[in-house]
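The values are calculated or read from the model by the stated rules, or taken from the named source; none is laboratory data. In this text the structure is predicted, and so the values were computed from the model without any measurement. Backbone-built Cβ (ideal geometry, glycine too); neighbour counts: all protein chains shown. Remember, those area values only see protein heavy atoms, side chains included, never the ligands or the DNA or RNA. Shrake-Rupley method; radii C 1.70, N 1.55, O 1.52, S 1.80 Å.
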Amino acid sequence: MLFKLLFAPVTGIGWIAEQIQQRADAELDDTENLSKRLLALQLAFDMGDIPEDEFEVQEEELLLAIQALENSQLAEAEMEAAETIEAAAHQVE
């Protein structure tokens, strides 16, 4: 019991790191999928499979989705950093 209490901060930090890694992997997968879709769209346009107006609409949708994902990732990272700083400040007190 005492052992668990002594190492609770260490195991807690390990758990947090694992959660962050899982989220980062999932977000990276989302970014990769959007990038692959954008590349496939570009190839389809270059091969003449889709008209220019359809390409432009789909390209804009994909670029907006990539930008939204990047903004979301940035906001989450800033929020997690603020929470980490706050938690560290409470531990110091």
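When each of the peptides 74-81, 34-41 is scored by the mean number of other C-beta atoms lying within 10 Å of its residues, the order from highest to lowest reads 34-41, 74-81. Just the protein heavy atoms count here, and of the accessible area of the range 40-93 at 1.4 Å, carbon and sulfur take up 58 percent.
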